[in-house]
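Input: one structure, supplied below.
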Amino acid sequence: MKTKQFIHLLSLSCLGFLISCNGGDKEQQSETKEDVAIKVNVEKTTLQPVLEMSTYTANVQADIVNKITPTVSGRIEKIYAEIGDKVSKGQLLAQMESSNLQQQQTQLQNLERDYQRYLELLKVGGIAQQQVDQIKTQLDILRTAIGSLEENTKLRSPINGVVTTRNYDNGDVYAQVPILIVEQLNALKAIVYISESYFSRIKIGMPVDIRLDVYDDEVFSGKISLIHPTINAATHTFGVEVAIENKSLKIRPGMYSRITFNFGESQSVVVPDASVIKQAGSNDRYVFVIEDGIAHYRKIESGQRLGDKIEIRSGIDPGEVVVTAGHVRLIDSSKVEILNNN
């Protein structure tokens, strides 16, 4: 009996010893894992002269757009232009119903004859000067009214341009929508909205480069023609109009453009492109900065790509050390072992 008790006690002691040993191994392994440094390659950030360039997008517009419309509703007798027609300044584009104009012209002819008779009577003393003056005033008023009526009956192009829209056919009644739209295509513009931080650096006449998706990498020239005088308080941007020469007529209103402004050269922090990581599920970018053997997560604002380097606009100072390889296992505050000598 005593022998059985002794064997039982011995078994329990051994089991306790084994459990104790296993637990100690696990703790030791855990400590070892926590102390393992992740191997990385690094590189120091540097300052480099960089052309400060910003690109904005905008739809191209005609510099001048004229909507051909009369001042009052009426029937359109005839339209003399089609979409795509080139027209000259002063060219007749549409003829409105002219019965009212003809009546006024007939009245003018009668009044002019009366005026001539009054002048003859005035010479022989048959009427007073006041009566002549009165008919002369009526004549001037009628001539002015006919001139205005004629402008709204015979609709002419105010510019040299191209007809881009026709909304009616002969015989239709005009109502609100323009009969024709004429646009000037040899002078175009685009309006972009720029951060207020650049307000003091934008000048009238500053040249810009323009690229259009439809023409691949071909570069067109433009220059700043107008700076809007106020800042939008909600977006903190201001409008800038860019004049685009279009002598070749290759560019057309409505085309999607990318307009690049060159604000001159400045010293910027640059890092290897391999050090910049895109945050999954967002457009945020970050790097790991090494300080005293510890990796620290650092969110950044990136700029231009410069070969195998990337400009950093904020988030890193020159001379800081960033990880260029070995990111996979890194988290904020990870211990690291540097493999290269940078």
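The values are calculated or read from the model by the stated rules, or taken from the named source; none is laboratory data. None of the values given here were measured: they were computed from a predicted structure. When we count neighbours, we look across all protein chains shown, and the Cβ atoms used for this are built from the backbone with ideal geometry, even at glycine.
Return yes or no: is Asp308 charged (D, E, K, R), more than 22 Å from the chain's Cα centre (by Cα) and modelled with pLDDT under 90? Spell out how you get there, then give the answer.
On the way: charged (D, E, K, R): yes; more than 22 Å from the chain's Cα centre (by Cα): yes; modelled with pLDDT under 90: yes.
In short, yes.
For the range 28-57, which positions are loosely packed, with under 11 Cβ neighbours inside 10 Å and either at pLDDT below 80 or of a type in the set (Phe, Trp, Tyr) (or both)?
Gln28, Gln29, Ser30, Glu31, Thr32, Lys33, Glu34, Asp35
So, in the range 242-261, of the ones that are among the β-branched types (Val, Ile, Thr) and part of a strand (DSSP E or B), which residue ends up farthest from the chain's Cα centre (by Cα)?
Ile244
Next up: Return yes when Gly239 is surrounded by fewer than 16 Cβ atoms within 10 Å (Cβ to Cβ), modelled with pLDDT of 90 or more, part of a strand (DSSP E or B) and touching a strand residue (DSSP E or B) at 6+ places or on another chain (Cβ under 7 Å) and no when it is not. Talk me through it step by step, then tell me what you get.
Details: surrounded by fewer than 16 Cβ atoms within 10 Å (Cβ to Cβ): yes; modelled with pLDDT of 90 or more: yes; part of a strand (DSSP E or B): yes; touching a strand residue (DSSP E or B) at 6+ places or on another chain (Cβ under 7 Å): yes.
Spelling it out, Gly239 is indeed surrounded by fewer than 16 Cβ atoms within 10 Å (Cβ to Cβ), modelled with pLDDT of 90 or more, part of a strand (DSSP E or B) and touching a strand residue (DSSP E or B) at 6+ places or on another chain (Cβ under 7 Å).
Okay, next question. Only residues that are farther than 21 Å from Ile38 by Cβ and of a type in the set (S, T, N, Q): list them for the range 266-299, please.
Once the filter is applied, which keeps residues that are farther than 21 Å from Ile38 by Cβ and of a type in the set (S, T, N, Q), the range 266-299 yields Ser266, Gln267, Ser268, Ser282, Asn283.
Please give the strands (runs of 3 or more DSSP E) falling wholly within the range 59-160 in which 2 or more residues are assigned by TED's automatic domain parsing to the domain that holds Thr260 and without any contact (Cβ under 8 Å) to a residue 12 or more places away in the chain. Spell out the reasoning first.
Working: elements: 65-68, 74-79, 92-96, 154-156.
Where strands (runs of 3 or more DSSP E) fall fully within the range 59-160, none carries at least 2 residues being assigned by TED's automatic domain parsing to the domain that holds Thr260 and without any contact (Cβ under 8 Å) to a residue 12 or more places away in the chain.
Moving to a separate point now. Look at the range 116-131 and say how many of its residues are surrounded by 15 or more Cβ atoms within 10 Å (Cβ to Cβ) and at pLDDT 80 or above.
Of the residues in the range 116-131, 1 are surrounded by 15 or more Cβ atoms within 10 Å (Cβ to Cβ) and at pLDDT 80 or above.
Moving on. Just a yes or no: is a residue in the range 201-209 outside the structural domain of Ala243 (by TED's automatic domain parsing) and in a loop (DSSP other than H, G, I, E, B)? Step through it out loud before you land on a result.
Narrowing the range 201-209 to residues outside the structural domain of Ala243 (by TED's automatic domain parsing): none.
No: the range 201-209 contains no residue that is outside the structural domain of Ala243 (by TED's automatic domain parsing) and in a loop (DSSP other than H, G, I, E, B).
A quick yes/no check of all residues on (1) within 35 Å of the chain's Cα centre (by Cα); (2) of a type in the set (A, V, I, L, M):
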position: Val276; (1), (2): yes, yes
position: Gly281; (1), (2): yes, no
position: Arg298; (1), (2): yes, no
position: Asp317; (1), (2): yes, no
position: Glu320; (1), (2): no, no
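Further question: Check the range 207-223 and report whether any residue there is surrounded by 18 or more Cβ atoms within 10 Å (Cβ to Cβ), touching a Pro at 6+ places or on another chain (Cβ under 8 Å) and not polar (S, T, N, Q).
Within the range 207-223 (the criterion being surrounded by 18 or more Cβ atoms within 10 Å (Cβ to Cβ), touching a Pro at 6+ places or on another chain (Cβ under 8 Å) and not polar (S, T, N, Q)), the answer is yes, since at least one residue qualifies.
Given the conditions (1) farther than 22 Å from Asp114 by Cα; (2) among the small types (Gly, Ala, Ser); (3) surrounded by 12 or more Cβ atoms within 10 Å (Cβ to Cβ), and given that Ser197 satisfies all but one, which numbered condition is not satisfied?
Unmet condition: (3).
Need the failing condition index for Gly303 against (1) surrounded by 13 or more Cβ atoms within 10 Å (Cβ to Cβ); (2) assigned by TED's automatic domain parsing to the domain that holds Leu47; (3) at pLDDT 90 or above, just the number.
(3)
Residues are listed down the side, and each one gets a yes or a no for (1) on the phi < 0 side of the Ramachandran plot; (2) of a type in the set (D, E, K, R):
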{"site": "Pro229", "(1), (2)": "yes, no"}
{"site": "Phe261", "(1), (2)": "yes, no"}
{"site": "Glu265", "(1), (2)": "yes, yes"}
{"site": "Asp273", "(1), (2)": "yes, yes"}
{"site": "Gly281", "(1), (2)": "no, no"}
{"site": "Glu291", "(1), (2)": "yes, yes"}
{"site": "His296", "(1), (2)": "yes, no"}
{"site": "Glu311", "(1), (2)": "yes, yes"}
{"site": "Gly319", "(1), (2)": "no, no"}
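Right, another one. Which condition does Ile159 not pass, out of (1) within 25 Å of Ser54 (Cβ to Cβ); (2) at pLDDT 90 or above, if it passes all the others?
Going through the list (1) within 25 Å of Ser54 (Cβ to Cβ); (2) at pLDDT 90 or above, Ile159 breaks only (1).
OK, next. Does the range 170-199 hold any residues that are over 30 Å from Lys247 (Cα atoms), within 21 Å of the chain's Cα centre (by Cα) and either in contact (Cβ under 8 Å) with a residue 40 or more places away in the chain or not in a helix (DSSP H, G or I) (or both), and which are they? So that I can check it myself, show each step before the final result.
Step one: filter the range 170-199 for residues over 30 Å from Lys247 (Cα atoms), giving 170-177, 195-199.
Remaining after also requiring within 21 Å of the chain's Cα centre (by Cα): 195-199.
Across the range 170-199, the qualifying residues are Ser195, Glu196, Tyr198.
Also, quick follow-up: Determine which single condition Val270 fails, assuming it passes every other condition in (1) in a strand (DSSP E or B); (2) under 26 Å from Val50 (Cβ atoms); (3) within 24 Å of the chain's Cα centre (by Cα); (4) touching a residue at least 40 places away in the same chain (Cβ under 8 Å).
Result: Val270 passes all but (3).
A further question on this structure: Within the range 78-104, track down each residue that is small (Gly, Ala, Ser), touching a Ser or Thr at 6+ places or on another chain (Cβ under 9 Å) and over 15 Å from Glu183 (Cβ atoms). Write out each step before concluding.
The initial filter retains those residues of the range 78-104 that are small (Gly, Ala, Ser), namely 81, 84, 88, 90, 94, 98-99.
When the remaining residues are screened for being touching a Ser or Thr at 6+ places or on another chain (Cβ under 9 Å), the result is 81, 84, 88, 90, 98.
Across the range 78-104, the qualifying residues are Gly90, Ser98.
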